[in-house]
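First the structure, in the form of structure tokens, and then the observations on it.
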Amino acid sequence: MNTRMRGPNASEHPLLPVARSLAERTFRQQDIPAIRRVAAVFGSRAGMTAIQLTDFVQAVSEAAACAVSQGPCIARLRLWTTAPRAFCEISADGTLLLTDGPRAARQGDAETLRRWLLQRLCDHVSIESGPQGVTVRLAMTIG
């Protein structure tokens, strides 16, 4: 499904893809297995191949674990598709271990491995951490 823009810049961007297949859920650290199940159902309905589905579920699980790893907090999962990609956004009010720079080097092998894994599994990985909390965004091409 596409949406046609209106206004003075409409000719520059005649069609914008509209998100479909939206899934949202809040979770805590003990809910990670349920988050994996949500990601699996979502990916299957989005038309992912078996290999893509395995990679997507692994990436969502790792990102969710990162978001809630610093203690008790409630995180939010959002999954959606915009042809031909599936997206995941996880946000939490805590701080994230997976940061760039010297701090990341001091945090140990587990965090380095998580970042490496997310970058290998997904087409796009964005990790933002600041005073408002942390947000992890993932994207994977379907097909």
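The values are calculated or read from the model by the stated rules, or taken from the named source; none is laboratory data. Not measured: the values here are computed from a predicted model. Counting neighbours? That spans all protein chains shown, and the Cβs are built from the backbone with ideal geometry, glycine included.
Restricting to helices (runs of 4 or more DSSP H) lying wholly in the range 5-118: which have 1 or more residues that are modelled with pLDDT of 90 or more and surrounded by fewer than 16 Cβ atoms within 10 Å (Cβ to Cβ)?
Fully inside the range 5-118 and qualifying: 32-46, 50-68.
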task: Give me the pairs, please: first residue somewhere in the range 27-38 and in contact (Cβ under 8 Å) with a residue 60 or more places away in the chain, second residue anywhere and surrounded by 17 or more Cβ atoms within 10 Å (Cβ to Cβ) and of a type in the set (D, E, K, R), beta-carbon distance under 6 Å, and either six or more positions apart or on two chains.
output: none
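In the range 43-85, which residues are of a type outside the set (Gly, Ala, Ser), touching a residue at least 40 places away in the same chain (Cβ under 8 Å) and within 16 Å of residue 115 (Cβ to Cβ)?
Matches in the range 43-85: 55, 58, 60, 62, 66.
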